[in-house]
1. What residues qualify as long-range amide H neighbours of residue 19, i.e. H under 5 Å apart, gap of 5 or more or another chain, H built at 1.01 Å from N?
2. For the stretch 189-198, take each phi angle, set θ = phi - 60°, evaluate the Karplus expression 6.51 cos²θ - 1.76 cosθ + 1.60, and give the result in whole Hz per residue in order, putting x for glycine and proline.
Amino acid sequence: MSGEASKPCTAFEGEHLLLRGPLLEVALAVKAASDSGASTLVLVFDDKTGQVIDLDLRGTKADIIDRLSRPLETYVGRYRSAPTEPAGSSPADPESRARGRPKLGVVSREVTLLPRHWDWLVTQPGGASATLRRLVEDARRTAGPGASRRAVQEAAYHFMLAMAGNRPGYEEATRALFADDRSKLEQSIAAWPDAIRAHILDLAFGGRAASRD
């Protein structure tokens, strides 16, 4: 199963929890609900980001499994190879792939920088790609727990906006969420449907709250 197919997500049929689990299992459950004539809107959320996932449910169950089981596509960026690389070599050339160190899962995508940024990067030991990787790793190490806390708050916020943005107490709940005030958040969402309330608290604080749905 590809990383995309196995990422954790949650599907809601209206205000009721449909299924929580890997994306592939959730997608098949949503497909079954759709085929059974369910009239209530079903939304699927990425548990890491809280964002809605747009699923392609066309075709048969086998078609959906095939689409989600494919590895993610990679994209070649605009940054040119270093001058020391043989002219005419490309990632698609088997000979060029065979020489040198393995790629170790490196993915090529477009990076857009100002000219002065490129000028600085090309003077760094190891070249631009190695320098960017070092900068990213340094940033990840120094970000600290605050960045992770903000990420889960953002995930809870995105889900809350999609599922309860027009419910009473929403503004107070948002303020409590970003103030990291669990007690105030629970008070603000106490009248919301159980499954929605439980998922918000799970995204924001971990540990699934009991649901009576």
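Where a number appears in this text, it was derived from the coordinates with a stated rule and is not lab data. Quantities reported herein were computed from a predicted structural model and do not represent experimental measurements.
1. Under 5 Å from the amide H of residue 19: 11.
2. Along the stretch 189-198, the couplings run 10, 4, 8, 7, x, 4, 5, 5, 4, 4 Hz.
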